[in-house]
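What follows is calculated from the coordinates using simple rules that are stated; it is not laboratory data. Keep in mind it's a predicted model, so treat the numbers as computed, not measured. Positions of Cβ are backbone-derived with ideal geometry, glycine not excepted, and every protein chain shown enters the neighbour counts.
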Amino acid sequence: MTSTDQASLGQGLSSAEAAARLNQFGPNQIRPKRQRLVILEFLARLRNPLVLILLAASGISAVTGDATGACVIGLIVLASVTLDFFQEHRAGQAAQRLAAQVEVVATVLRDGTPCEVALSRLVPGDVVLLSAGRLVPADGMALEADDFFVNQAQLTGEPYPVEKRLGPTLQAHTWDADAPNAVFMGSSVVSGSARVLILRTGPLTALGQIATSLEKQPPATAFERGTRQFGLLIMRLTFGMVLFVLLVNIALHRPLLESFLFAVALAVGLTPELLPMIVSVTLARGALRMADKKVIVKRLSAMQDMGSMDVLCTDKTGTLTEAKIRLERHIDAQSRDSAHVLELAYLNSHFESGLKSPLDDAILQHDEIDASGWNKLDEVPFDFERRRVSVLVERQGRRLLVVKGAPEDILGLCTRYEQEDGSAAPLDGAARACITALFDSLGEEGLRVLAIAWRDMPPDHPHAVVTDESALIFAGFAAFLDPPKASAGEALAAMAASGVAVKIVTGDNERVTRHICMQLGVPIHGVLTGKEIAAMNDDALRARVADVNLFCRANPAQKNRILLALKARGHVVGYLGDGINDAPSLHSADIGISVDSAVDVAKQAAAMILLENDLGVLHAGILEGRRTFGNVMKYIMMATSSNFGNMFSMAAAALILPFLPMLPLQILLNNLLYDFSELPLPLDNVDEEDLVRPRRWDMTFIRNFMLTIGPISSLFDLLTFYLLMTLLKADETLFHTGWFVESIATQVLVIFVIRTRRNPLRSHPHPWLTWLSLGVVALAMLLPFSPVASGLGFVPLPLEFFGLLAVLLAVYLSLVELGKRWFYRRYAAPAANQSAERH
Ligand SMILES: Nc1ncnc2c1ncn2[C@@H]1O[C@H](COP(=O)(O)OP(=O)(O)OP(=O)(O)O)[C@@H](O)[C@H]1O
Ligand SMILES: [Mg+2]
């Protein structure tokens, strides 16, 4: 530590110094995202090998004579790369702005005053103020600590909170992980507060070092795997075809360079180069639409996962129930109202420095109780394994340990119970049975219950530890009403109807949760408790998870195991939660969903944040996800069927015709126009029948579609060749022109057939798609009559051609429509290709 650091401990860094250090140390991110200049991002697109080959080849052809051709090719390549780039860049920017809205911040002293700074902008030397629920933003050392407990399970796997105290001065380069004052990035504050000096940020932190040494890439989502497979399929086909065309042309002694250019242009025409752009634009558009519904999508690909999600796990408080909890009763062991129980509960909630749970808020708001005579000495913070919290308090020389928590656990720790007159009687079998019966009856009424217990502590006992929670005196119960949310029942029913199974995963007990489910009209068809889960190995759990829809008394690790078991069964699983206990599951879920009011770790781990905690918008999100899926699928189906068929016939024609069927630059222009017509695809409407089930990437579906529609396209093109040659007696340039126009028209207009399972007249495309497609076709028809025609190798078309074109188009579109109907009947009954449940 430098002397300026020492001097600045009190008030932190100055803004100027912080900015300088940010430059020096880089952002506080484990894997810093490279911020590239826009121009570099643009140039990176030219790195595509096909584009490079094309530019090189046209460069050679420029040198050998055909300068205009080469220039046009260069321009076309530039135009299509630019088109692609701007769309994607804009979409990415919009998505980034959205995510910034829910970015987790830290409270940092800058220029002597506390201010909120994004985690990524922290630097060594910053002084951070931490309290319960906050995230430790980087590695550092505690300068002040007040009952400061953190959960560092992410690093050590240890589920219990660890107390951090003051200790020796630490240095960034001689780090001592075991020092009592060392805190780590990725831990979250369970209770208490602290002032922490940041020493190491980003990749230099302990978490960063593990992450970089393992280079753990998040596993590819089903969708990413799908696009990759698809890319491979196309690549193989392209390679085969290009090789074939080259060999044929060489065998026929055609000019080598031109044949090569032709082959490469074919390859460009075959590549679904718009796919990445279509994917990111659809996703970004989906995310923007979700933002209107008060849902912020942090990780764009989560939109797609929402469309595939078939199981949603959710916790209970605040999701299924109203966020407002009320304290209804505070009663002793005999079910009489007890002021003492309320007082003890109040002291416990008042003094505990952990994140106040809604139960604490309910106790504190119930009645004003005077706690001023009491002094807090220490506490044992709440954790989800113990499910209780203790405070050690003192008044006029009397020391009490007051414990409140889950009744099942607390009763096990009690040896006596408090009677009406305040005396303690032994908790024998009969009394225990009585109290348990009381607890059960409260649960039947749908009340959430906490047990309150206490014991005297000797005056020489300054600290509270977990082992002090024994030989307690049971004081009574605090019972809460946590009414179900009116909208939740409806939302759950809607999700079930859309093929998403909802499972409730809660730390609360079975009775209360069942009661809520009954009120919401959610049938429970299988229950597992944390105890039962603890006794199962992963295989056993995997065998059970599908049939169970209520998991109760589950601790954080068990919640996570449930989730992994569901994923292992092939489900796409969403997880909705807001607590520290939900963070591991939010991480492992395919789609982690949290709320804006959640603790920082949960928000950090989530892929999606609900600004309003309402299950209804989640259903809307699922449909939105399926919509994005549908539109990406349309592009893929177009690329594999019609586009592919066209290119295939081009290759075949090269074999039959005495000349090249189209000039390389015409193929590229054709491709550019076709791409252009597909730009509005991300906006397109998706039919309802495509939204009723979860959608998954299905390679067999794509392959079968390709094999059905592709040949129709190819055969049809060959028919066109024949007619061009025989009816119009076309020479080389007329042939090129005629086929260019025909090929654009068929390729572009077939979208109206392919984009829907229905009769095309019964499904409404987005107006932009309609107009742009028609516009592109019109443009292609006009080109041969324009001044640039000769530069592009076109000649004006005779009138008969357009008559022929009209007939051909009508026949072609009808044929594809018939082929499509046959395909859906044969291979895919409505939505049946997406299996929701895989056993
Ligand atoms: N502030 C508290 N003081 C004492 N005990 C608590 C407190 N908060 C929770 N508990 C106990 O811990 C249990 C688990 O906590 P909680 O219900 O918050 O878990 P969860 O899994 O987040 O549940 P939910 O699905 O309701 O969000 C509770 O049922 C209760 O018994
Ligand atoms: Mg919770």
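Structure values in brief
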quantity	calculated
Packing rank of 790-799, 660-669, where each peptide gets the mean count of other beta carbons within 10 Å, highest leading	660-669, 790-799
Segment 326-481: radius of gyration over Cα atoms, expressed as a fraction of 2.2 N^0.38 Å	0.95
Trypsin sites (Lys or Arg not before Pro) within segment 691-735, DSSP loop, no more than 10 other Cβ atoms inside 10 Å	729
Charge dipole of segment 326-481 about the Cα centre (unit charges at C-beta), most positive-ward option of 355, 415, 462	462
Among 802, 725, 406 the positive-end extreme of the charge dipole of the chain (Cβ point charges)	725
Most to least packed among 559-571, 184-196 [average Cβ atoms within 10 Å]	184-196, 559-571
Computed magnitude of the charge dipole of segment 506-661 (debye, nearest 20; Cβ of K, R +1, Cβ of D, E -1)	420 debye
Listed residue (309, 296, 518) projecting farthest to the positive dipole end of the chain, Cβ model	309
Sorted by Cβ neighbour density within 10 Å, fewest at the top, the residues 763, 441	441, 763
Cleavage-rule hits, chymotrypsin sites (Phe, Trp or Tyr not before Pro), segment 428-521, DSSP coil, Cβ neighbours within 10 Å at most 10	none
Environment charge at residue 329 (Cβ cut-off 14 Å; Lys +1, Arg +1, Asp -1, Glu -1)	-4
Kirkwood hydrodynamic radius (C-alpha pairs) into Stokes-Einstein, the chain, 4 °C and 1.567 mPa s, D in µm²/s	42 µm²/s
Expected-Rg normalisation [2.2 N^0.38 Å, Cα atoms] applied to segment 437-510	1.74
Sequence-separation-based contact order of segment 521-662, relative, with Cα cut under 8 Å and 6+ spacing, percent	13 percent
Nearest 10 degrees, 0 to 90: helix 732-749 Cα axis against the chain principal axis	30 degrees
Among 586-594, 749-757, the order from most to least packed when residues are scored by Cβ within 10 Å on average	586-594, 749-757
Fraction in percent of alpha-carbon pairs per bin - 10 Å, segment 574-640	22, 40, 23, 13, 3
Pairwise FRET efficiency - residue 611 versus residue 171, Cβ, R0 = 45 Å, nearest 0.05	0.60
Subset of 603/634; 485/603; 324/603 violating a 24 Å alpha-carbon distance limit	603/634
Three semi-axes of the equivalent ellipsoid, segment 455-605, Cα gyration tensor, whole Å, largest first	32, 20, 17
Values of log10 I(q)/I(0), in the order q = 0.20, 0.21 Å⁻¹, for segment 55-201 under a Debye, Cα-only, solvent-free model	-1.14, -1.20
Lys, Arg +1 and Asp, Glu -1 on Cβ, resulting dipole of the chain about Cα centre, debye, nearest 20	2760 debye
Loop GluC sites (Glu not before Pro), segment 103-148 (other Cβ atoms within 10 Å of the site Cβ: 16 or fewer; DSSP)	103
Dipole moment magnitude, nearest 20 debye, segment 326-481 about Cα centre, only Lys, Arg, Asp, Glu C-beta charged	140 debye
